[in-house]
1. Specify the residue that is surrounded by the most Cβ atoms within 10 Å (Cβ to Cβ); the eligible residues are those in the range 1-56 that are under 13 Å from I147 (Cα atoms) and polar (S, T, N, Q).
2. Looking for something among the charged types (D, E, K, R), in a helix (DSSP H, G or I), surrounded by fewer than 19 Cβ atoms within 10 Å (Cβ to Cβ) and assigned by TED's automatic domain parsing to the domain that holds L38 - is there at least one such residue anywhere in the range 105-114?
3. Is it true that L244 is surrounded by fewer than 20 Cβ atoms within 10 Å (Cβ to Cβ), at negative phi, assigned by TED's automatic domain parsing to the domain that holds R267 and part of a helix (DSSP H, G or I)?
4. I'd like the residue in the range 121-145 that is of a type outside the set (A, V, I, L, M, F, W, C) and over 15 Å from the mean Cα position of the chain (by Cα) and, out of all such residues, is surrounded by the fewest Cβ atoms within 10 Å (Cβ to Cβ).
5. Could you list all residues from the range 40-70 that are at pLDDT 90 or above and part of a loop (DSSP other than H, G, I, E, B)?
6. Of the residues that make up the range 157-165, is at least one touching a strand residue (DSSP E or B) at 6+ places or on another chain (Cβ under 7 Å) and part of a loop (DSSP other than H, G, I, E, B)?
7. Please identify the pairs in which a residue from the range 188-207 that is touching a residue at least 24 places away in the same chain (Cβ under 8 Å) and buried (at least 21 other Cβ atoms within 10 Å of the Cβ) has its Cβ atom under 6 Å from the Cβ atom of a residue that is part of a strand (DSSP E or B) and of a type in the set (K, R), counting only partners at least 6 apart or on another chain.
8. From the list Y95, Y202, exactly one residue is part of a helix (DSSP H, G or I), under 22 Å from S221 (Cα atoms) and either assigned by TED's automatic domain parsing to the domain that holds L42 or at pLDDT 95 or above (or both). Which is it?
Amino acid sequence: MFDLTDATAFGKSYPDDTAMLAFGGGTPLLTRKRLVGLANSLPADLVEFNPGNLPITVSPDNVPTADMSATEVIEKIGSANSWMVLRNIERDPAYANVMEKVLDTVSDVVSRQTGPMLRSEAFVFISSPGAVTPFHMDEEHNILIQIEGRKEFNIYSQHDRDLASQEDLEAFHSGAHRNLDASDEKLARGKAITMEPGDAIYVPPLAPHWVRVLGDEPSLSLSITWRSNASQRSCYLHQINHELRAQGGNPAFPGRNPVADQLKIWRASGKRRLSRLLGAQPA
């Protein structure tokens with residue numbers, strides 16, 4: 001099983017800054033044979049396929065569909081020119097145990113800083129040599145562990161509104177795709193980190209990033225994510241702001257006015273409760 005060799009960097013960085021970590025150990029659950037079985041056991045909507053030769057910035061509408069099965073992609077990943085994600089692998093009890101063991105290594109720091117871990121999830125990324133995961137953001141706290149192969153992980157500040165504007169965040173939290181657009185000048189602002197087997201990185205919520213597999217070997221990575229009360233509150237406020245903006249408003253960014261934020265939440269929650277109540281009334 002995976003053991004965090006030193007939690008010092010994570011303790012100093014969490015929850016707002018990137019941290020490089022290292023894990024020892026491993027698990028036979030992440031061999032290709034076991035992953036084929038896992039992929040075939042998951043619902044189809046939890047297995048995502050992508051071409052490997054995507055540009056760094058790409059609209060989701062321009063991503064071609066896959067023409068191979070999960071088994072073919074995994075077995076031929078060295079030459080498939082693809083990358084795939086197995087989502088929510090914690091549905092399988094064996095993989096849920098792996099996830100919990102990783103979370104246990106940082107749980108003390110997380111509980112002190114942001115309270116309980118909420119909605120913990122686990123993902124496996126399997127990528128061909130040279131494959132690119134385009135520029136995007138995710139809403140969760142994330143620890144990404146490199147299992148096999150090498151990759152270049154390019155990460156950016158979650159506070160840079162040139163990369164992800166307030167409107168981008170509102171749309172994303174309201175259902176828009178995770179991919180972001182950016183010029184070469186903006187992409188140059190990132191920090192490139194080379195990850196070898198055993199290396200890991202903590203990625204704060206909404207920190208934009210893109211990834212490229214290095215060398216001639218495929219890459220296998222394990223991602224463990226969770227939400228916090230603060231991240232979920234921010235998500236909810238962006239959703240409320242999205243609705244207010246659609247009505248012609250110009251809402252303030254979450255966190256700039258805590259009193260106004262709380263009033264927004266009370267008002268929105270009250271409206272939703274009233275809507276559910278009225279919807280339950282007999283005609």
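The values are calculated or read from the model by the stated rules, or taken from the named source; none is laboratory data. Remember, it's a predicted structure, so these values are computed and weren't measured experimentally. Cβ: placed from backbone, ideal geometry, glycine included. Neighbour counts: every protein chain shown.
1. Selected residue: T27.
2. yes
3. On the way: surrounded by fewer than 20 Cβ atoms within 10 Å (Cβ to Cβ): yes; at negative phi: yes; assigned by TED's automatic domain parsing to the domain that holds R267: yes; part of a helix (DSSP H, G or I): yes.
Taking the combined requirement at face value, the residue satisfies it.
4. Our first condition is that a residue be of a type outside the set (A, V, I, L, M, F, W, C); within the range 121-145, this holds for 121, 127-130, 133-134, 136, 138-142.
Those left that are additionally over 15 Å from the mean Cα position of the chain (by Cα): 127-130.
Numbers: S127: 28, S128: 23, P129: 20, G130: 16.
Taking the candidates together, the pick is G130.
5. The answer is L42, P43, I56, T57.
6. no
7. M195/K151
8. Working: Y202 fails: part of a helix (DSSP H, G or I).
Checking each option against the conditions leaves just Y95.
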